[in-house]
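Readers should treat all values here as calculations from the given coordinates under stated rules, not as data from a laboratory. Everything numeric here is computed off the predicted structure, so don't read it as measured data. Don't worry about glycine lacking a Cβ; one is built from the backbone with ideal geometry, like all the others, and counts go over all protein chains shown.
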Amino acid sequence: CPGVTAVPGQVHTEDPDSQRSECKLSVWDSDEPVPRAELLKQVEGAHGLLCLLSDRIDAEVLDAAGPNLKVISTMSVGFDHLAIDEIKKRGIRVGYTPDVLTDATAELTVALLLATARRLPEGIQEVKSGGWSSWKPLWLCGYGLSGSTVGVIGLGRIGLAIARRLKPFGVKRLLYSGRQPKPQAGEVEGEHVPLDALLCESDFVVVSCSLTPDTQGLCNKDFFSKMKNTAVFINTSRGAVVNQEDLLEALASGQIAAAGLDVTTPEPLPTDHPLLRLSNCVVLPHIGSATISTRGVMAELTAQNLLCGLTGDAMPSELQL
Ligand code: GLV
Ligand code: GLV
């Protein structure tokens, strides 16, 4: 295929040379994000662009690329970093990586939920710092899943995979909210309820929806005020679904018991951020899909989507715009 393909990020596929022989490649060969100026320069004239969720692909990038650009392939299931309206207007196709990261992300969500509810980071810290003096009846007590009510906001591919994994812990009721009931919820005996009911009744509130104008800032003061004081909040979707000031206030005041976040605004979260000073907040560095095999499969799929977009073939995973 002719022209230049800009490829930011260190994305390893099994056989990069198979692409090199067919395409002229411009590669940002570093694990650090491609600097904006470099992206704007290298994308010029490209027919395809492979990007990561840390690359904001907006009108400026599209204009810098020019009219050749016909495909953008992102190594992520989320696409809130892509200016979809601008992309659609220009007739550019988009590839992404759903399904292949569902299991890894659901596993991480369960790990984060248990770590937060059972206060693992605090316990580990106490062991290391000498704070562990003896077995004490009430020391480091948290919350268990057995007999609990779990509320999942957004029972999509990942939300359902989380629910499937949580159910066997003895979860009594599985609630979910979203625009309409989902037939696949039957498998986890999920009850479709209004968001307010989910918040009032859940012991664990798990956010697993995509970031859209509708969900931006969804978890705000009003949202947290409806949750139980003993409830644990978990977010592995996108940071901007949460109003972080309101979350901070809810955690600091005891409005909710604890929060586990794999996503924040901004990313990375500054090390002096007040959320990091709270013992009831567990923050992870956006590692939902980070298993070695999942990242490998994501890289392959991202490359395949790109190549199919360049040749005009059907992509393995094309985003319907
Ligand atoms: C991860 O957050 C992704 O969107 O793939
Ligand atoms: C805990 O270790 C117990 O024996 O109850």
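Using only helices, what value at 222 nm comes out for the chain when you add -39,500 (n - 2.57) per DSSP H run of length 4 or more and divide by the total residues, to the nearest 500 deg cm²/dmol?
-9500 deg cm²/dmol
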Sum of side-chain charges, ASP203 neighbourhood, beta-carbon under 12 Å (Lys, Arg +1; Asp, Glu -1): +2
Computed lengthening from LEU120 to GLU267, 0.36 nm per intervening residue step minus Cα-Cα distance: 50.6 nm
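Ranking ASP85, ASP262 by Cβ neighbours within 10 Å, fewest first, what do you get?
ASP85, ASP262
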Simple spin-label estimate for GLN180 and GLU38 in nanometres, 7 Å along Cα-Cβ: 4.6
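Kindly count the pairs of lysines across the range 102-283 whose alpha carbons are less than 24 Å apart, treating pairs on different chains or eight or more residues apart as eligible. Could you put the intermediate results ahead of the total?
On the way: LYS128/LYS136; LYS167/LYS182; LYS167/LYS226; LYS167/LYS228; LYS172/LYS182; LYS172/LYS226; LYS172/LYS228.
Close lysine pairs found across the range 102-283: 7.
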Lys/Arg +1, Asp/Glu -1 at C-beta; the range 32-137 dipole; positive extreme among ALA65, VAL77, VAL34: VAL77
Proximal aspartates and glutamates relative to LYS41, as straight alpha-carbon distance under 20 Å, when same-chain residues fewer than 8 apart are discounted: ASP29, ASP31, GLU32, ASP55, ASP58, GLU60, ASP63, GLU86
Bins of 10 Å, starting at 0 and running to the largest distance - Cα pair percent for the chain: 6, 25, 30, 22, 13, 4, 1
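Which helices, taking whole DSSP H runs in the chain, have alpha carbons extending 15 angstrom or more along the helix axis plus mean Kyte-Doolittle at least -0.5?
Numbers: long enough: 102-117 (22 Å, 1.16); 292-311 (29 Å, 0.66).
Those that pass (Cα extent of 15 Å or more, hydropathy at least -0.5) are 102-117, 292-311.
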Normalised contact order of the chain, rounded percent, pairs of Cα under 8 Å and 6 or more residues apart: 18
The range 119-208 shape via C-alpha gyration tensor axes, a/c threshold 1.5: prolate
Among ASP80, ASP222, ASP246: highest mean-square fluctuation, GNM of the chain, C-alpha pairs under 10 Å: ASP222
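What is the dipole size for the chain, taken about its Cα centre, with +1 at each Lys and Arg Cβ and -1 at each Asp and Glu Cβ, in debye to the nearest 20?
On the way: 28 positive and 38 negative charges, 174 e Å.
Here the size comes out at about 840 debye.
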Candidates ALA111, ALA37, ALA299, ranked by Gaussian network fluctuation over the chain, Cα under 10 Å, top entry: ALA37
Residues whose placed amide H lies under 5 Å from that of SER26, excluding near-sequence neighbours: THR5, ALA6, VAL7
Student exercise, the range 87-214 dipole from Lys, Arg, Asp, Glu Cβ charges, in Debye to nearest 20: 460
